[in-house]
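The values are calculated or read from the model by the stated rules, or taken from the named source; none is laboratory data. This one's a predicted model, so the numbers in the text were calculated from it and none came from an experiment. Neighbour counts run over all protein chains shown; Cβ positions are idealised from the backbone, glycine included. Each accessible area value is taken on the protein alone, full model and side chains, heavy atoms only, with ligands, DNA and RNA left out. Shrake-Rupley method; radii C 1.70, N 1.55, O 1.52, S 1.80 Å.
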Amino acid sequence: MMPNIFAQCHPISRLEDLEEVLQNQPSWVDRVEILTPRSSIVVPNTISDCHSDPGNFLSRRAQRVDSRCVPKTLICHDYKGGYLADKYLHFPGEEIIGNGYTFYNWSQVDIFVYFSHHFITIPPLSWINAAHKNGVKVLGTLITEFDPGTEICQKIFKNTESMMEFAKSLAKVTKIFGFDGWLLNIENKVEQIETLKMFVPFLSNLIHEDNPGNLVIWYDSVTIHGDLNWQNELNDHNRYFFDSCDGIFLNYTWTEETLMKTSKNAKGRHFDVFVGVDVFGRNMYGGGKMNTYKALKIVKQNNLSLAIFAPGWTHETLEKTENFFEDFLQRDSLFWRSLWPYFYSHPISNYFTTNFCIGLDKIHYNLFNQQQQLSHCLYPADWKPGDDNEQTIKTIIGRCRCLQSTLVDSKNACLITKKNIERVGDYVHNLFICDIEVENNVVVFYLTKSVDENMASLSINLWVSGCNGSTRKILLLDKRKDEPINNSSVLEVNQAESPDIRENIRNRYYKKIQEEQWSLSVYVFNLPLCNILEIGGIINNGMSIYLGAFGVENADGSYLVSA
């Protein structure tokens, strides 16, 4: 069903329309979800961390670091001009038919910019909510460019009063529409440069007064002299703007030498310098596309933050075939997995349930349906070499590929497999990095489906940390045990026998269980106040298994296994 054509999100294309939008704000602003708080720690990614020996399952606990002390990652959308299928305001039961672009690796990023070439880009509701659910800040874009941009700037910056009025209007837009700040992209010569120089700190102060967590980021374009002259580094020609806001987004045609200069000139604000990386590869170090990881490697070596521009390349340049969605899913998985070692993973910090929907399948596009993903950029389960640089693909996927993105019953799912592990034995496949505070009654459930004839099953390991810092393993058994272990080191839990809890979950996943033959496992147990740090799975009997849904919820207190 196509939503009402008037129920859409729009940019502001003319300065004259700004006041009208403020006076007649759309009703959808009431549906904006607030930014979910994130854990204060992150985990650095490594190339081969999709599985671990059961005895070293919690080795990443020692790697957890303060999120304020590491570089950040910004994603800048820029997909076909913006405001396509993502502009519609879906309601329950409504779907857009078509292959739109989706981003879903939220645990790897800090900031999302919705970019377009309209004057004022207000992020669509679907993107604001998808990002906010995952604790990611969303920025709109202010852009002026070419001769029309020069004319707009002459009106805005003609005097201090007009500049202040405009800044106050932008601050109101930020608050009304519920997003988290602005990317300022002035790409034309500015004659009233002194007024522009007043504008940047004035706007920054305004939106910080409303919310200290809001951001203003300056794009490396106009210099302090008012000239349109991209510097591709932080230097004396653009430092004033950097000092006046929360960060700078460097232009893309940098070199190793200019990044070294930038790192030196940042003077302690390394993580506020976002180095532009154009995935299309236009004059980019390494050439972009499937070689984008080469640029990320250099950025990381200089201890600077990332600004990944136009990742929709994986979708926008893909040949339109009957298997377009399947090809996109695999190509996109390949791309993001290649960048995995240069990111930091943000833990899941709240109870969650998920069927791994990415907001897109072969028929429907609806970002409002997007759900929690694994804490990993998944490997592609299948890809045809030759469609992109074959040697690059071999380099990227020629490692252990235990967690793969795949389709089961035409829906996105995760394939967990031991087939690519050289050594024989049991391994914990690392599924979710967490920092979830739990107490008393906990329900964990998951849906699985066998891949091979051995009818493999999955047992789940959880590592928890108590208030005193001690750790404990919770093992959710795939086969019932008459006398499960229960001590300070290990708690073994059999499947829940409560028909009420099982029935509640069965009803939520009725089609998958009844019609698509997925197996449901449900566990209920009681814990003292603690934090879940890691969730992993062990394959039993077979070599591979599909994971189709997972949940960690609060229970009502009945039929509990006491700790």
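Numbers below:
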item: Where Thr174 falls short, out of the listed (1) more than 23 Å from Val21 (Cα to Cα); (2) hydroxyl-bearing (Ser, Thr, Tyr); (3) touching a helix residue (DSSP H, G or I) at 6+ places or on another chain (Cβ under 9 Å); (4) not in a loop (DSSP other than H, G, I, E, B); result: (1)
item: The range 128-139, residues that are assigned to a helix (DSSP H, G or I) and either over 35 Å from the mean Cα position of the chain (by Cα) or not basic (Lys, Arg) (or both); result: Ile128, Asn129, Ala130, Ala131, His132
item: Check on Leu403, surrounded by 21 or more Cβ atoms within 10 Å (Cβ to Cβ) and at pLDDT 90 or above; result: no
item: Any hit, the range 140-149, residues being more than 23 Å from the chain's Cα centre (by Cα) and among the β-branched types (Val, Ile, Thr); result: yes
item: Of all residues in the range 516-563 being at pLDDT below 90 and touching a helix residue (DSSP H, G or I) at 6+ places or on another chain (Cβ under 9 Å), the one that is most open to solvent (accessible area, probe 1.4 Å); result: Tyr559
item: Residue list for the range 308-329, filter: hydrophobic (A, V, I, L, M, F, W, C) and on the phi < 0 side of the Ramachandran plot; result: Ile308, Phe309, Trp313, Leu318, Phe324, Phe325, Phe328, Leu329
item: Those helices (runs of 4 or more DSSP H) lying entirely in the range 177-273 with at least 1 residues in contact with a helix residue (DSSP H, G or I) (Cβ under 7 Å, 6 or more places away or on another chain), crowded, with 17+ Cβ neighbours inside 10 Å and among the polar types (S, T, N, Q); result: 193-210, 256-265
item: Selection within the range 468-490 - closer than 21 Å to Ile348 by Cβ, touching a strand residue (DSSP E or B) at 6+ places or on another chain (Cβ under 6 Å) and either assigned to a loop (DSSP other than H, G, I, E, B) or open to solvent by less than 10 Å² (accessible area, probe 1.4 Å) (or both); result: Ile474, Leu476
item: Cross-chain or 6+ apart pairs with Cβ under 6 Å, the range 434-457 first and in a loop (DSSP other than H, G, I, E, B), then open to solvent by 40 Å² or more (accessible area, probe 1.4 Å); result: Asn454/Asn541; Ala456/Asn541
item: Verdict on Thr150 being over 22 Å from Cys9 (Cβ atoms), open to solvent by 10 Å² or more (accessible area, probe 1.4 Å), at pLDDT 95 or above and touching an Asp or Glu at 6+ places or on another chain (Cβ under 9 Å); result: yes
item: Counted residues, the range 1-21 - those being at pLDDT 90 or above, among the aliphatic types (A, V, I, L, M) and open to solvent by 20 Å² or more (accessible area, probe 1.4 Å); result: 2
item: Residues being under 17 Å from Glu257 (Cβ atoms), open to solvent by 10 Å² or more (accessible area, probe 1.4 Å) and either in contact with a helix residue (DSSP H, G or I) (Cβ under 8 Å, 6 or more places away or on another chain) or aliphatic (A, V, I, L, M) (or both) - total across the range 274-297; result: 5
item: Subset of the range 458-499 (residues that are free of Cβ contacts under 8 Å to residues at least 24 places away in the same chain and of a type in the set (Ser, Thr, Tyr)); result: Ser470, Ser488, Ser489
item: The listed residue being in contact with a His (Cβ under 7 Å, 6 or more places away or on another chain) and at pLDDT 85 or above, out of Phe324, Phe368, Phe335, Phe356; result: Phe368
item: Some residue of the range 161-171 being in contact with an Asp or Glu (Cβ under 8 Å, 6 or more places away or on another chain) and either closer than 20 Å to Ile308 by Cβ or in a helix (DSSP H, G or I) (or both); result: yes
item: Residue in the range 381-389 that is of a type outside the set (Lys, Arg), at pLDDT 85 or above and buried (at least 18 other Cβ atoms within 10 Å of the Cβ) present; result: no
item: In the range 328-350, the residues that are out of contact with any Cys (no Cβ under 7 Å at 6 or more places or on another chain), open to solvent by 10 Å² or more (accessible area, probe 1.4 Å) and touching a residue at least 60 places away in the same chain (Cβ under 8 Å); result: Gln330, Pro341, Tyr342, Tyr344, His346, Ser349, Asn350
item: Complete set of residues in the range 95-127 that are crowded, with 21+ Cβ neighbours inside 10 Å and part of a helix (DSSP H, G or I); result: Ser107, Gln108, Leu125, Ser126, Trp127
item: Hey, Val428 aliphatic (A, V, I, L, M) and over 17 Å from Ile538 (Cβ atoms) or not; result: no
item: Cβ-Cβ under 8 Å pairs, at least 6 apart or on other chains, the range 22-38 side more than 25 Å from Asp110 (Cα to Cα), far side of a type in the set (A, V, I, L, M); result: Leu22/Val173; Leu22/Ile176; Gln25/Ile176
item: Unique residue being free of Cβ contacts under 8 Å to residues at least 12 places away in the same chain and either of a type in the set (Ser, Thr, Tyr) or open to solvent by 10 Å² or more (accessible area, probe 1.4 Å) (or both) when the list is Thr353, Thr321; result: Thr321
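Every residue, every condition in (1) touching a strand residue (DSSP E or B) at 6+ places or on another chain (Cβ under 8 Å); (2) of a type in the set (Ser, Thr, Tyr); (3) at pLDDT below 95, yes or no:
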residue: Phe274; (1), (2), (3): yes, no, no
residue: Gly281; (1), (2), (3): no, no, no
residue: Met290; (1), (2), (3): no, no, yes
residue: Ile298; (1), (2), (3): no, no, no
residue: Gln301; (1), (2), (3): no, no, no
residue: Gly312; (1), (2), (3): no, no, no
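Here's the yes/no breakdown for (1) of a type in the set (Phe, Trp, Tyr); (2) closer than 17 Å to Val438 by Cα:
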| site | (1), (2) |
| --- | --- |
| Trp463 | yes, yes |
| Gly466 | no, yes |
| Arg472 | no, yes |
| Pro484 | no, no |
| Ile501 | no, no |
